[in-house]
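Step one of this worksheet: look at the structure below.
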Amino acid sequence: MTETPAFLFDTCSIINLSYSPVAALFKNRYTGRAGWTRAVQTELTRQRTRKPPHPQAGRACNWATSWLGHPIEITDEADHVAIEGIRAAIAVGCDDDSLDHLGEAASIHLLTKAGTGRLISDDHGARAIARDRRYSVRAASTVGVLSELLARGIASPEIVDDYLDTLRAHNRMRVKLTSADLLVGDLGPWF
């Protein structure tokens, strides 16, 4: 297993970012410090083959490969057992497939073992589990990261509003957030 990058992206965040030109901002800012797991890559591949296939999964996987490099492979059996426990915690109360949330769980596990880094996930449940005292992993949504970049003047209000509109247009977000909301720290469930 390789060294854990400072930022690990999950399936949902990769799909959401790949819809929008804001993807270039993330790529330019985090190349060399960000990564993904083989489980995330596998989730994206599975979403392309589902009936009906996810319309963005192929593009998202290609985009991730273009800058996140080779996914981190986890081969240790003890790691797999720990990851399954995290995956089950994320999926509590869901009718998800047994392989859903595996990417988030693998990322949380790696970040927990590293004792540093940040999960970038647009899955509210995964962020909540990551932040749980058992794991104590810092976690943020793509909107949360954009909020930080907006506050620092790295992202413009126009690019942030475009991203939020794109998420809504693709039914990836229902909340009516704007860049102005993000500047005052009102992220709602996207914290």
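Rank by packing, highest mean first: peptides 19-32, 43-56, with packing defined as the count of other Cβ atoms within 10 Å averaged across residues. The partial results should precede the final answer.
Numbers: 19-32: 16.5, 43-56: 14.8.
Put in order of decreasing packing, that is 19-32, 43-56.
First measure r as the distance between the Cβ atoms of V81 and R29, then evaluate 1/(1 + (r/R0)^6) with R0 = 25 Å and state the FRET efficiency to the nearest 0.05. List each step's numbers first, then the result.
Working: r = 35 Å, r/R0 = 1.39.
E(calc), rounded to 0.05, equals 0.10.
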>> I need to check one value: relative contact order of the chain, counting alpha carbon pairs closer than 8 Å and at least 6 residues apart, in percent.
In response: 24
> Say the dipole of the chain comes from +1 at the beta carbon of Lys and Arg and -1 at that of Asp and Glu; which of T11, G103, L182 then lies farthest toward its positive end?
Replying inline: L182
> What nm value, rounded to one decimal, do you get for the distance between E73 and V184 when each label is placed 7 Å out toward the C-beta?
Replying inline: 5.1
>> Just to confirm the number: angle between the C-alpha axis of helix 157-169 and the first principal axis of the chain, 0 to 90 degrees, nearest 10?
In response: 60
> What angle, in degrees between 0 and 90 and rounded to the nearest 10, separates the Cα long axis of helix 102-114 from the longest principal axis of the Cα atoms of the chain?
Replying inline: 80
> What is the sum of charges around Y30, taking Lys and Arg as +1, Asp and Glu as -1, for the other residues whose C-beta is under 13 Å from the C-beta of Y30?
Replying inline: +3
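Tally Lys and Arg at +1 and Asp and Glu at -1 over the other residues with C-beta under 13 Å from the C-beta of A6: what net charge comes out? Walk me through the intermediate numbers first.
Numbers: positive: R29, R33, R118, R138; negative: E3.
Counting the neighbours of A6, the net charge comes to +3.
Which peptide among 108-117, 136-145 comes first, and what is the full order, when sorted by highest mean count of other Cβ atoms within 10 Å? Display every interim value, and only then the final one.
Details: 108-117: 19.3, 136-145: 21.0.
Going from most to least packed, we get 136-145, 108-117.
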>> So if I place +1 on the C-beta of Lys and Arg and -1 on the C-beta of Asp and Glu, and nothing else carries charge, what would the dipole magnitude of the chain be about its Cα centre? I want it in debye, nearest 20.
In response: 260
> In a shell of Cβ-Cβ distance under 11 Å around R138, excluding R138 itself, what net charge do Lys and Arg (+1) and Asp and Glu (-1) give?
Replying inline: +3
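Once you charge only the Cβ atoms, +1 for Lys and Arg and -1 for Asp and Glu, what is the size of the charge dipole of the range 83-159 about its Cα centre, to the nearest 20 debye? Could the numbers behind the result be given before it?
On the way: 9 positive and 11 negative charges, 124 e Å.
Dipole about the Cα centre, nearest 20: 600 debye.
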> How far is helix 57-68 tilted, in degrees, relative to the longest principal axis of the Cα atoms in the chain, given as a value from 0 to 90 rounded to the nearest 10?
Replying inline: 90
> So, by mean Cβ neighbours within 10 angstrom, what's the order for 150-163, 122-135, 69-82 with the highest one leading?
Replying inline: 122-135, 150-163, 69-82
>> With just the Cα atoms defining each centre, how far is the range 5-25 from the range 62-136? Give it in Å.
In response: 15
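The numbers here are math on the coordinates, done by the rules we state, and not lab data. Everything numeric here is computed off the predicted structure, so don't read it as measured data. As a convention, Cβ positions derive from the backbone with ideal geometry for all residues, glycine included, and neighbour counts pool all protein chains shown.
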